[in-house]
Amino acid sequence: MNDALMQAMDDVFGRPEVWLIILASACYGIFVGAIPGLTATMAVALFVPIAYWLDPVSAIAAIVTMVACAIFAGDLPTVFLRIPGTPASAAYADEAYSLARKGEAQRLLGVALTCSVTGGVLGALVLMLLGSQLAKIARWFSVTEYFWLYLIGLCCAVLVAPGGARWKAMLSLILGLLLATVGLGAAHMEPRFTFGIASLYQGISFIPAMIGLFGLSEVFSNLSSTALQQKGTHHIGSNSLATTIRQAGSDWCSRMTNRKTGTTRSGLLGVLIGMLPGAGADIAAWVAFAAAKRGTEKETDQDLVDSIGDATTANSAALAGGWIPALVFGIPGDSVTAIVIGVLLMKNVTPGPAIFENQASLVYSIYLVFLLANLVMLPIGLLAIRVGGRVVRIPKRILLPLIVLFCITGSYALNGSLFDVATMLAMGLIGYGLSRHGFPLGPVVLGLVLGGPLEERLIQSLTAAAGNPLGLVDRPLAIVLACIAACVILGILRTSIRESHSTPAN
Amino acid sequence: MSPRVRPAVWLAVCLSVVGCRHGDQWPNRPITLVCPWSAGGGTDRVSRQIAVQLEAELGVPVNVVNATGGGGVTGHTRGATARPDGYTLTMATVELNMLHWRGLCPITPDSYRPLAMLNQDSAAIFVRSDAPWNSILDLQQALRDAKAPLPVSGSAIGSIWHLAFVGWLLDQDVPTGSANWISINGSAPSLQELLAGGVEVVCCSIPEAGALLTAGEVRCLGVMSDQRCPAAPDVPTFHEQKIAWSMGGWRGLVYPRGVPESRARKMETALLNVAGSEQFASFMETAGFHLDVADGASFGEFLSQADQAFGDILAQPAMQQRQSAPVGRYFVPGLLAIVATIVGGIGLVSNRGSRTTRREDESESSIDVRLLIGFVVLIALFIACCETVGYLTASAALLLSLLLMLRVRVLIAALIVLVTVPSLYQVFARALGVPLPWGWFGW
């Protein structure tokens, strides 16, 4: 066993080319993640042809690093431009952007970076110590449990909404869920709301929708003569690199002392959610964000920064979680690990319980690579924050057309279809209308992401129970999750009723 | 021409020369390979391997585009309706034989010019390792005796694995009501459901269950073929167990109808070279896919035969009935609409008081409606023209008009366009391999 560990150490640390590959893929991951429309999955899929020529350890090192960096880099356009770079950043896009407009962009990104690193390291540690035990939990999840889990995820979107606007969050969520029903439903295999348009069969793809809802709508709302006079999107303090580092360091230290429970909770939530096939970094970010915001009635900026920190911890921790079922059963935890399994099979490595005995050194290498990738992200992420900060100094009348062009190219890039660009435009108008009337946009995206799977799981569970609704609560784990969902819903109702009693008094 | 503009003009000229490496040789620009399934799956892996080797064979980049959704409808439709200039290939899968019979899309094998068949994978039956059945005959008997329908899955309703399963039951006169097919999207989640105990039997191909099979988590009772699968040589076939039933999926490369025959023949030769190479064979072997190469003509014959066979099975009442859904397809949208009305009503009533105050600060940041309409119209124009005009021209025009609309000085606007549009194109089309539309000038 120790031999395997030593071998892994040698494989990872002892070879200069692995270091080079990690550095290069960190830059590549940051780059792809920061472009809205290109996801972490896309980054890995584009890398696959290169992976054929690498040995397993280098290939895995590259994939782990680029995904970790892409998920963090998704926060960069979120903070600067309110366009989530990857879906994992959509949960806190509104909050992060509003903080950035108050001049907190650099600090917020510093927190996001350190928290991503913390989350990644936490996730790696859990993967190392508890991986095979946790994998047994993932085995208990049948479609019914997924139904309840998705329902809890949806409730979180309503839970994070500021008091008084819960009904608006709920309506946004329902709009997202309704949009998700467009297309060829997976459960029925019959088209709905497609009006005979073939492109609508695939449904509304949520990445163009997300770019439109957040990015284009923000451009639209800036099209007033007063807003166009401003220099950039928001004020950025002209602090040096040293101050950014010092600030990030001190924020991290204060988080480590004051928010130990929050960090641990988000890390564990991230790993647990990431581990379940079909739930990934995006849902982890929502749930952790909701858990962090819960109970804070009047929130200060500091509270918001803390909640966003928790969410970034969770989405990075979820990445490690996705590897647990992939390594133990060969069942991918998310779309990235699906590709990883393909790459491993290419290299004559079959994931599954046997991998821990036959190729222990490779497993240890994966663990080490996870730690290394997250540490490398620190300096490269800091550089990216500095470079990103320059974007917002461009005068608005030049920046806005450029953002439009980026939104168009980004939404085209995913599927190479102009229909997606049209979707983006339509969602931009909807998003503009919604945010003008105070409806939050995040829940629309969550509804779009989870709507399809939620309905699918509901119908699968009902099919399995021959149409009897009691089939939704006939397994012990399902009952537990159903109770949690019921508690969350009751909690939302209670606070909403209390608020509606207190508003007229004001 | 002022000295400030001159370098920019030179830059533009240089970039357009770089973009226009026109030659008489075909192909001279990137080829798009449409994969109807998502990144990471089996078809995607085969597509990417083909792309890498085809790139070396033809000397131009080959980019894989995952046009997913609709159970294969999107990708197959897009491949068939693509411009027939030979620059769009499609990785067709068995669904091409099925979608049109189910009335989901008008695309049939006749919409395509077949180029090369790559592989065939037979369906197989999997159960948990602690299941009471030891052979396919045991399972068949259990299905006959079943009092309650046995939960079964493998993929969505109407997919190839569903068809293979029902076809086997029909072939052996087992009542189809003895199995309850649960529509789960994809074989990996179905196998997960098998482990979780949600279903008792899974029907999918051997490579899809590879890891779990090697690990001993699941057992394979039989392959629906007359020869054993090289990836799992211990698994008996259906034919060895006295059941003369074969069914499986295939993958192959096709062109849309109307591609000039000289180009189609050139591509066919290149593809057969790739498919026959040592490298491709070893790739398919490690991935566990059963290599079965055929040239365009025999692939076409195979397609029309298979199409007839699938039509017969899909016409069976067992496949026709919508046995699955206990609730209608408009149940969930209807429920959502009702909840939305209730929530909206409550919200409006409770918020009537605070409404007036909000309206005041809204008027402060009112936007210029003419600008908004201008932006929307310009983007819509871009969407309408991009495919014919080409990405570079269309996006340069869009960016320039947007900048001018916001009253940026003409020279600065032109400079910005000249710098950003070509560099954006380089990043997306060259570095990231996104096939941006080409259009009039070839770029």
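Normalising by the residue count of segment B:369-431, find the relative contact order in percent from Cα pairs under 8 Å and 6+ residues apart.
Value for segment B:369-431: 29 percent.
How big is segment B:121-246 along each principal axis, measuring the range of its Cα positions in Å and listing the largest first?
34, 31, 27
Over chain A, what is the mean sequence separation of C-alpha contacts under 8 Å (at least six apart), divided by residue count, expressed as relative contact order in percent?
29
Roughly how far apart, in whole Å, are the Cα centres of segment B:188-242 and segment A:388-413?
50
Run the helix sum for chain A: -39,500 (n - 2.57) per DSSP H stretch of 4+ residues, divided by residue count, reported at 222 nm to the nearest 500 deg cm²/dmol.
It comes out at -24500 deg cm²/dmol, rounded to the nearest 500.
Would you mind checking segment A:107-146 for residues with the amide N under 18 Å from a putative spin-label position 7 Å along Cα→C-beta of A:ARG386?
Hits in segment A:107-146 for A:ARG386 at 18 Å: A:107-114.
For A:THR261 and B:ASP110, what is the calculated FRET efficiency with R₀ set at 41 Å and r taken between the beta-carbons, to the nearest 0.05?
0.05
Classify segment B:15-169 as rounded, prolate or oblate from the Cα gyration tensor: take a ≥ b ≥ c as the square roots of its eigenvalues, call it rounded if a/c is under 1.5, otherwise prolate when a/b beats b/c and oblate if not.
Prolate, because a/c is 1.5 or more and a/b exceeds b/c.
Enter the per residue convex hull volume of chain B, computed from alpha-carbon coordinates, in Å³ rounded to the nearest integer.
199
Of all the Cα-Cα pairs you can form in the protein assembly as shown, what percent are over 39 Å apart?
Here the long-distance tail beyond 39 Å is 42 percent of all Cα pairs in the protein assembly as shown.
Given the DSSP H assignment, sum -39500 (n - 2.57) over each helix run of at least 4 residues in chain B and divide by its residue total; what's the result at 222 nm in deg cm²/dmol, nearest 500?
-15000 deg cm²/dmol
Roughly what % of DSSP beta bridges within the protein assembly as shown run antiparallel, to the nearest 5?
65
Determine, for each peptide in B:183-189, B:212-218, B:130-136, the mean count of other beta carbons within 10 angstrom over its residues, then list the peptides with the highest first.
Taking the mean over residues of other Cβ atoms within 10 Å, the ranking is B:183-189, B:212-218, B:130-136.
Determine, for each peptide in B:340-350, B:387-397, B:253-263, the mean count of other beta carbons within 10 angstrom over its residues, then list the peptides with the highest first.
In decreasing order of mean packing, B:340-350, B:387-397, B:253-263 become B:387-397, B:253-263, B:340-350.
Which distance in Å, rounded to a whole number, links the C-alpha centroids of segment A:35-72 and segment A:101-168?
22
Compute the accessible area per residue over chain B, keeping the other protein chains in place, probe 1.4 Å, unit Å².
Spelled out: the 1.4 Å probe surface of chain B, per residue, equals 43 Å².
Over segment B:121-246, what percent of the accessible surface lies on carbon and sulfur atoms, probe 1.4 Å?
Here it works out to 50 percent.
Tell me the label-point distance for the pair A:LEU477, A:ARG246, using the 7 Å Cα-to-Cβ offset, in nm and rounded to one decimal.
Between A:LEU477 and A:ARG246, the simple spin-label model gives 5.1 nm.
How many angstrom lie between the Cα centre of segment A:415-451 and the Cα centre of segment B:267-286?
Cα centroid to Cα centroid, the span is 43 Å.
Using the heavy atoms of the protein chains alone and a 1.4 angstrom probe, what is the accessible area of segment A:2-500 per residue in square angstrom?
Per-residue value: 33 Å².
For the A and B pair, go ahead and give the buried accessible area with a 1.4 Å probe, both sides summed, in Å² to 100.
Roughly 8200 Å².
If I compute solvent accessible area with a 1.4 Å probe over the protein chains, what percent of it on segment A:2-500 is carbon and sulfur?
Looking at segment A:2-500 in its full context, I get 68 percent from C and S.
Taking a 1.4 Å probe, which of A:GLU357, A:GLU455, B:GLU200 shows the most accessible area, and what order do the others take after it?
Of A:GLU357, A:GLU455, B:GLU200, the descending order of accessible area is A:GLU357, B:GLU200, A:GLU455.
Could you work out the mean count of beta carbons from other protein chains within 10 Å of each residue's beta carbon in A:138-144?
So the per-residue partner count for this stretch is 5.
Taking the Cα-to-Cβ direction at B:SER129 and at A:ASP55 and moving 7 Å from each Cα, how far apart do the two end points lie in nm?
3.1
Quick check on segment A:2-500: take the gyration tensor over C-alpha atoms, sort the square-rooted eigenvalues as a ≥ b ≥ c, and tell me if it's rounded (a/c under 1.5), prolate or oblate.
Rounded shape, in that the Cα axes give a/c under 1.5.
Answer rounded, prolate or oblate for segment B:369-431, using the Cα gyration tensor with square roots of eigenvalues a ≥ b ≥ c: rounded when a/c is under 1.5, else prolate when a/b is larger than b/c, else oblate.
Oblate shape, in that a/c is at least 1.5 and b/c is the bigger or equal ratio.
Starting from the Cα of A:ASN358, step 7 Å along the direction of its Cβ; do the same at A:MET128; then give the gap between the two resulting points in nm.
Result: 2.6 nm between the two label points.
Segment A:350-375: which residues show an accessible-area loss of 20 Å² or more, assembly versus chain alone, 1.4 Å probe?
A:THR350, A:PRO353
The values are calculated or read from the model by the stated rules, or taken from the named source; none is laboratory data. This one's a predicted model, so the numbers in the text were calculated from it and none came from an experiment. Backbone-built Cβ (ideal geometry, glycine too); neighbour counts: all protein chains shown. The area values use the complete protein model at the heavy-atom level, side chains included, leaving out ligands, DNA and RNA. Shrake-Rupley method; radii C 1.70, N 1.55, O 1.52, S 1.80 Å.
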